[in-house]
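Below you'll find the structure, written out as structure tokens, and then a few comments.
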Amino acid sequence: MSLKTVRQKFHDRLDPIYGINEVSALFDLCCEQYLSLNKVDQLISIDRILSSAEIDKLDHVIGKLEIHRPIQYEIGHAYFYGLTLIVNESVLIPRQETEELVSWVLEDYPLNTQLSLLDLCTGSGCIALAIKSSRPNFRVIGADISEAALIVANKNASRHALDVTFKNQDVLSLDFSDHELYDVIVSNPPYVLELEKSLMGNNVLNFEPHIALFVPNDNPLLFYLSIATYASKALKVGGALYFEINEKQGTEMIAMLENIGFDGVVLKKDLNGKHRIIKCLKRNA
Ligand SMILES: C[S@@+](CC[C@H](N)C(=O)[O-])C[C@H]1O[C@@H](n2cnc3c(N)ncnc32)[C@H](O)[C@@H]1O
């Protein structure tokens with residue numbers, strides 16, 4: 001079977017699910033990953049006859065895509081802020097809106113700034129590692145409750161030779177016993193309400209870790225309140241707290257942060273015009 005025939009098979013079986021453009025992109029990714037063919041090589045080799053092992057692999061991927069398994073879990077990596085990060089089903093696939101959170105932190109602190117930054121609910125380590133790669137003088141620590149996620153985060157740090165420390169920490173029982181003060185705390189914690197499950201695609205619901213996604217309907221700010229309370233002690237005066245949030249929680253978030261003792265709360269829209277990122281500063285004592 002030729003590469004051209006396999007390409008047609010991708011389109012026949014997957015276009016009804018993903019649409020022609022996305023299937024073309026998925027096919028390109030698979031050619032790169034499994035056949036080491038970039039787009040130009042692919043065109044040159046379009047009549048190449050594939051081995052049975054190559055055909056089996058690509059058939060297997062088509063089957064997984066048909067059941068909505070995200071391609072990133074299939075190929076084992078995702079792209080985030082210029083980094084290629086290892087991902088598996090114990091971590092959330094890093095999202096584009098989270099890159100905007102990273103951009104905001106980087107905009108606020110020039111290249112050679114020296115400071116300490118804590119990334120809570122770090123998952124794959126994407127936020128911590130993207131910031132460290134752009135701001136090498138930062139001391140960066142990431143924390144998560146999931147040991148499996150921490151293994152992935154550590155592998156990502158090694159892969160990019162980035163000096164980030166990852167530790168196991170339940171952010172719902174943070175205590176301030178280490179008395180370490182940070183300049184910046186950043187977090188993208190779980191924030192999807194259980195009742196929003198029905199609005200989500202099978203690619204997320206059936207494959208991404210629910211521990212990374214959901215909060216009880218009656219306690220949408222569960223993680224934010226715990227992290228902000230901790231940050232009100234663990235940040236230096238004037239230190240900054242950044243969150244990615246559920247677009248529906250902007251007003252409640254502002255009230256909660258001001259109530260806890262933060263000033264200068266700024267709620268920003270993401271590229272899709274949704275209020276998804278928020279920043280505030282620790283008030284003078
Ligand atoms: C929305 S994901 C964010 C992952 C990553 N920071 C990102 O932006 O892609 C939330 C993360 O919170 C972690 N998490 C869930 N409950 C937690 C808890 N009680 N304490 C610490 N981390 C927790 C999950 O394991 C998951 O990695």
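Tell me, which residue of the stretch 225-259 that is among the β-branched types (Val, Ile, Thr) and either modelled with pLDDT under 95 or closer than 21 Å to residue 115 by Cβ (or both) is surrounded by the fewest Cβ atoms within 10 Å (Cβ to Cβ)?
The initial filter retains those residues of the stretch 225-259 that are among the β-branched types (Val, Ile, Thr), namely 227, 229, 237, 245, 251, 254.
If we keep only those that are either modelled with pLDDT under 95 or closer than 21 Å to residue 115 by Cβ (or both) as well, we get 227, 237.
Details: 227: 24, 237: 10.
The qualifying residue surrounded by the fewest Cβ atoms within 10 Å (Cβ to Cβ) is 237.
Report whether or not residue 172 is in a helix (DSSP H, G or I) and either touching a Cys at 6+ places or on another chain (Cβ under 9 Å) or modelled with pLDDT of 95 or more (or both). Taking the combined requirement at face value, the residue satisfies it. Once the stretch 10-37 is narrowed to residues that are more than 13 Å from residue 71 (Cα to Cα) and of a type in the set (Val, Ile, Thr), the residue that is nearest to the chain's Cα centre (by Cα) is 17.
Okay, residues lined up against (1) closer than 16 Å to residue 183 by Cα; (2) in a helix (DSSP H, G or I):
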{"residue": "225", "(1), (2)": "no, yes"}
{"residue": "233", "(1), (2)": "yes, yes"}
{"residue": "238", "(1), (2)": "yes, no"}
{"residue": "251", "(1), (2)": "no, yes"}
{"residue": "258", "(1), (2)": "no, yes"}
{"residue": "266", "(1), (2)": "no, no"}
{"residue": "273", "(1), (2)": "no, no"}
{"residue": "280", "(1), (2)": "yes, no"}
{"residue": "284", "(1), (2)": "yes, no"}
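Go through the residues of the stretch 181-188 one by one and say whether even a single one is more than 22 Å from residue 253 (Cβ to Cβ) and either within 15 Å of the ligand (Cβ to nearest atom) or surrounded by fewer than 17 Cβ atoms within 10 Å (Cβ to Cβ) (or both). Yes; the residues of the stretch 181-188 include at least one that is more than 22 Å from residue 253 (Cβ to Cβ) and either within 15 Å of the ligand (Cβ to nearest atom) or surrounded by fewer than 17 Cβ atoms within 10 Å (Cβ to Cβ) (or both). Of all residue pairs spaced 6 or more apart or on separate chains, those with beta-carbon atoms under 8 Å, a first member in the stretch 214-231 that is within 15 Å of residue 122 (Cβ to Cβ) and a second member that is part of a strand (DSSP E or B) and within 12 Å of the ligand (Cβ to nearest atom) are 223/187; 223/215; 227/120; 227/187; 227/243. Restricting attention to the stretch 97-117, the residues that are within 11 Å of the ligand (Cβ to nearest atom), more than 16 Å from residue 164 (Cα to Cα) and not acidic (Asp, Glu) total 2.
The values are calculated or read from the model by the stated rules, or taken from the named source; none is laboratory data. Bear in mind that the values here come from a model prediction, so they are computed numbers and not experimental data. So basically every Cβ, Gly included, is an ideal-geometry build from the backbone, and we count neighbours across all protein chains shown.
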